[in-house]
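J.: First the structure, which I've put down as structure tokens, then a few questions once you've had a look.
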Amino acid sequence: KMDFLCEIVQALVALAALGVVVVLIIAHVTAGMVNLTRHEKEKYFLTASGEKELFPSLQDPHSRDLSVVIPAYNEELRMPVMLDEAMEYLENRQEKTPSFTYEIIVVDDGSKDKTTEVAMRYSRKYGADKVRVLTLVKNRGKGGAVRMGTLSSRGKVILMADADGATKFSDIEKVEAGLSNLNPKPDNMAISCGSRAHLEKESVAQRSVFRTFLMYGFHFLVWFFCVRGIRDTQCGFKLFTREAALKTFSSLHVERWAFDVELLYIAQCFKIPIAEVAVNWTEIEGSKLVPFWSWLQMGRDLVFIRLRYITGAWKLILIICGKLF
């Protein structure tokens, strides 16, 4: 009887080992490369008069104090509230401190509604020097949209902010303080992440048991496979120094929901200091995240992120003298 049990255990161990090998092979074979290519139409933005102008490059020196990158997919209804709040805050800040300069880049991620038209109204109202619209030819995913906007920005620091306005825009001062408190900043690289971790107890009370299980499962996978020391990797309110943005976004592979995790994983691999700062956050109706399938996709992506770096399918990109290696 003991021999029979030993054989079963050995068979299960062999099966598990085979499963791991199969997953490693799948992760390696299906690994996509960093996609920094642009369609010709994505290289330009429209001025208020309708003329086409070339977007700058993240590798150029900064010419603004702040860039705000807003990824938007079918956001014609939710985005105006967020843009009104952001523009009011930024215009008031510039009025109080005339030397302060900023830009907003709305990245329409292949929307099927009037997202671009809505964003262009703000560009015409405030001028293309302050509000620019980057319309992607096809949907890339939130990570792809944020990356394309970031690579087109002029700011000394770059804030990524969601189009739904779930985070109070004035909380930028909190993430700015978090960024400035990070010392030292090697090669001026640092990241400050807005965080909803302080709201977790309240959110658990409002969620179903199943969604709470998914949330904790996701947090465990993030901790086990990728990022440690950051309680909320998914808050869409993150501030980067220009140097940190170039370093991290140049190596980013994941273009959908789990991109934040890879971004922070890359940052930790490069030993870029990261602050986590509590921000105000409100649930806004109309989320594009389909609870079960999105969490499943993110869970798969988390496992594959680590495995693809381990197997060498993905590599970190070095930037030397403005060139990618």
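J.: For a quick check of understanding: with a 1.4 angstrom probe and all protein chains in place, what accessible area in square angstrom does His62 have, to the nearest ten?
T.: Roughly 90 Å² of His62 is accessible to a 1.4 Å probe.
J.: Compute the semi-axes of the equivalent ellipsoid of the stretch 69-203, taking the square root of 5 times each eigenvalue of the Cα gyration tensor, and list them largest first in whole Å.
T.: 24, 19, 16
J.: Same structure, new question: Per residue, how large is the accessible surface of the stretch 37-324? Use a 1.4 angstrom probe and give square angstrom.
T.: 47 Å²
J.: Which peptide among 133-146, 180-193 comes first, and what is the full order, when sorted by highest mean count of other Cβ atoms within 10 Å?
T.: Ranked by mean Cβ neighbours within 10 Å, highest first: 133-146, 180-193.
J.: Amide H neighbours of Phe55 under 5 Å, counting only residues 5+ apart in sequence or on other chains, H built in-plane at 1.01 Å?
T.: Amide H neighbours of Phe55: Tyr44, Phe45.
J.: What ranking of Leu316, Leu151, Leu239 comes out by heavy-atom accessible area, probe 1.4 Å, highest first?
T.: If we order Leu316, Leu151, Leu239 from most to least accessible, we get Leu316, Leu151, Leu239.
J.: Mind giving me the FRET efficiency for Leu77 and Ala48? R0 is 22 Å, r the Cβ-Cβ distance, nearest 0.05 is fine.
T.: 0.40
J.: Distance in nm between label sites at Lys315 and Glu7, each 7 Å beyond Cα in the beta-carbon direction?
T.: Computed distance between label sites Lys315 and Glu7 equals 4.8 nm.
J.: Whose amide H sits under 5 Å from the amide H of Phe237, counting only residues 5 or more places off or on another chain, with H placed in the peptide plane?
T.: Excluding prolines and chain starts, which carry no amide H, the hits are Gly194.
J.: Something else now. Explain nothing, just compute: Karplus ³J(HN,Hα) = 6.51 cos²θ - 1.76 cosθ + 1.60, θ = phi - 60°, for every residue of the stretch 181-196 in order, whole Hz, x for Gly and Pro.
T.: 7, 7, 9, x, 10, x, 6, 6, 9, 6, 9, 10, 9, x, 9, 10
J.: What's the ranking of 5-16, 112-123, 153-164 by average number of surrounding C-beta atoms within 10 Å, highest first?
T.: In decreasing order of mean packing, 5-16, 112-123, 153-164 become 153-164, 112-123, 5-16.
J.: For Cα pairs less than 8 Å apart in space and 6+ apart in sequence, what is the mean separation divided by the residue count of the stretch 37-324, i.e. the relative contact order in percent?
T.: 22 percent
J.: Just list whichever of Lys52/Lys130; Lys174/Lys238; Lys185/Lys247; Lys43/Lys138 have alpha carbons separated by over 18 Å in the model shown.
T.: In this structure, no pair lies more than 18 Å apart at Cα.
J.: Output ³J(HN,Hα) for the stretch 223-231: one whole-Hz value per residue in order, computed from phi by the Karplus curve 6.51 cos²θ - 1.76 cosθ + 1.60 with θ = phi - 60°, and x for Gly and Pro.
T.: Computed from phi, the couplings for the stretch 223-231 are 5, 6, 9, 10, 10, 10, x, 10, 6 Hz.
J.: When the Kirkwood radius is taken over all Cα pairs of the stretch 79-128, what Stokes-Einstein diffusion coefficient follows at 10 °C and 1.306 mPa s, in µm²/s?
T.: 133 µm²/s
J.: Could I ask something else about it? What are the residues whose amide H is under 5 Å from the amide H of Asp65, where those residues sit 5 or more places off or on another chain and H is modelled from the backbone?
T.: Placed amide hydrogens put Thr101, Tyr102, Lys156 under 5 Å from Asp65.
J.: Please list His198, His253 in order of solvent-accessible area, largest first, computed with a 1.4 Å probe with all protein chains present.
T.: Largest to smallest exposure gives the sequence His198, His253.
J.: Another question, if that's okay. Can you give the three extents of the C-alpha atoms in the stretch 28-115 along their principal axes, from longest to shortest, in whole Å?
T.: For the stretch 28-115, the Cα spread along each principal axis is 54, 35, 32 Å.
J.: Can I ask one more? Can you work out the Karplus-derived ³J(HN,Hα) for every residue in the stretch 250-264? Use 6.51 cos²θ - 1.76 cosθ + 1.60 with θ = phi - 60°, whole Hz, and x for glycine or proline.
T.: So the J values, rounded to whole Hz, are 5, 9, 5, 9, 6, 10, 10, 4, 8, 4, 4, 5, 5, 4, 6.
J.: OK, next. Which shape class, rounded, prolate or oblate, goes with the stretch 37-324 when its Cα gyration tensor gives a ≥ b ≥ c as root eigenvalues, a/c under 1.5 marks rounded, and past that a/b bigger than b/c marks prolate?
T.: Verdict is rounded for the stretch 37-324.
The values are calculated or read from the model by the stated rules, or taken from the named source; none is laboratory data. Just so it is clear, the model here is predicted, and its values are computed rather than measured. Reconstructed Cβ throughout: ideal geometry from the backbone, glycine too, with neighbour counts over all protein chains shown. Just the protein is used for accessible areas: all its heavy atoms, side chains included, with ligands, DNA and RNA removed. Shrake-Rupley method; radii C 1.70, N 1.55, O 1.52, S 1.80 Å.
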